[in-house]
Amino acid sequence: MLLPQLKSRYLCATVLPAAFAVLTTLFATQASAQQLSCSPASLRYGEVVIGQNQTLLIALTNTGKTSVVVASVLVSNKAFKVPNFKLPQILTAGETLEVNVAFTPSVVGSAGGQLTFVSNASDHNLVVNVGGAGVTSESVVGSPASLVFDNVSVGGSSTLPVVLTNTRTYAVTLTAEQTTGSAFSVSGAQFPLTLQGGKKVSLNVTFKPAIQGLTGGSSFFDGPNLDIPLQGTGTGAAKRELTVTPATLNFGNVAVGGTATLAASLSATGGSVTVSSASSSSSQFAVRDANFPLTVPAGQEVSLNVTFTPQHGVRSSGALTFVSNAADSPTSEALSGTGTAPYVSLSWNASSSPDVSGYNVYRKTSANNTYTKINSKLDSNTNYTDTTVGGGTSYYYATTAVNSSGKESGYSNRVQVSVP
């Protein structure tokens, strides 16, 4: 009869209307603390076909510490309008208001003027110069006609393309490009630039905000007097954050004196995170085989081995704390596990002999002692858990196979297990 092979493991911004004069009196004690500004400081429109309109954006910002009341807007040229601007407008400290200014020429030729925002700010009259030209048709057009940059982190940047097309059959020269709004820049061509009839040129417009909030601007091309309105919103710079998963690492039951290992994952967002150290609140839990400082690349995960070595037969808990350059440092992960009495788990290969009914398991505590059967009845499985072991002892195990007639084989190979 072939003998079973035994295996084991140990588990363990002029003149003020009367109504505004009252407002001025009310806020006189606060005016010195208020300031209204706009971005960009002036608006320059390009060629706009008579009867059509082009709208540019300015951002009014209250940079003071108290509220500003804008009582009226004075426009010196009727070709320019501030549509949908309800008065009065109140800007709280630090607030930015988006204002659309439209140019609708009715005659051919250049047009200029001023917009005056009358308020109770320290500079009562905030003046914005505006200018544009009426034409019967545009010589050069941009596609898209305007650019909007949504939510770009302060210090970061975003780039969008724009294509300029000469709609004439003859050459048109773009003598220069002028960008308003310090957060915007244009690249991709050298000026002066001559576009032959029907030809195009591709440019790149980059928005790099230095402050949070709405910013307006434009890219103006001298020669064809083409203007591309620009708008962008700066947001707070992305913060580095470190996440540890799972939120709780549960080891379950582990024999006292034994060790169980589970994996924890570290992931980074908003940029790479450098973990300088990891510490455990309990000596029974530890991070193994990790070298610090440890860098976790943004958008990736790094796995760590965490061990539980219970010292007592009770439920234990703790926490791992990771110190890093992340905004949410330190970052913690909860730990739990239960120590149990030591035990030995045995498994073996089934016998290749026919008519095997089950197996017996034998144990002894010395190589020279006699084996003692420890299973109370014939074991039809090929595994057995010995829960009667004690710490600090070595055990020797062997199995036998028994057929339907009760005949028992000799001992299998011997397996030695030392219980801590």
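Cross-link partners for Lys364 among the lysines, with Cα-Cα distance under 25 Å and sequence neighbours closer than 8 places in the same chain left out: Lys7, Lys373, Lys377, Lys407. Is the shape of segment 342-419 best called rounded, prolate or oblate, per the rule: a/c under 1.5 gives rounded, else a/b larger than b/c gives prolate, else oblate, with a ≥ b ≥ c the square roots of the Cα gyration tensor eigenvalues? The shape class here is prolate. Remark: spin-label model distance Gln212-Gln178 equals 3.4 nm, labels positioned 7 Å along the Cα→Cβ axis.
Extension gain, Lys373-Gln52: 0.36 nm per intervening residue step, less the Cα-Cα distance, totals 105.4 nm. At 222 nm, what helix-only mean residue ellipticity would the chain give, in deg cm²/dmol to the nearest 500, using -39500 (n - 2.57) for each DSSP H run of four or more? So the calculated ellipticity at 222 nm is -500 deg cm²/dmol. Taking 14 Å as the cut-off, the amide N atoms of segment 393-417 that come nearer than this to a point 7 Å along the Cα-to-beta-carbon line of Asp355 belong to 402-409. Placing a label point 7 Å from the Cα of Gln114 along the Cα-to-Cβ line, the residues of segment 71-108 whose backbone N sits under 13 Å from it are 74-77. Each label was represented as a point 7 Å from its Cα along the Cα-to-Cβ direction; for Asn77 and Asp150 these points are 3.4 nm apart. Given the choices (i) 1.02; (ii) 1.11; (iii) 1.83, Cα Rg over 2.2 N^0.38 Å derived from the coordinates of this structure is entry (iii). Between amide H atoms placed 1.01 Å from N, distances below 5 Å from Glu95 occur with Asn62, all of them 5 or more places distant or on a separate chain. Put a plus charge on the Cβ of each Lys and Arg, a minus charge on the Cβ of each Asp and Glu, and nothing anywhere else: the dipole of the chain about its Cα centre is then about 980 debye.
Backbone N atoms of segment 147-181 closer than 15 Å to the 7 Å Cα→Cβ label point of Lys200 belong to residues 161-168. Placing unit charges on each Cβ (+1 for Lys and Arg, -1 for Asp and Glu) gives the chain a dipole about its Cα centre, and among Pro293, Gly339, Leu262 the Cα reaching farthest toward its positive end belongs to Gly339.
Every read-out reported here was derived from the displayed coordinates using simple, explicitly stated rules and does not represent laboratory data. Everything quoted here is computed from the prediction, not taken from an experiment. Here Cβ is always computed from backbone atoms with ideal geometry, including for glycine, and neighbour counts include all displayed protein chains.
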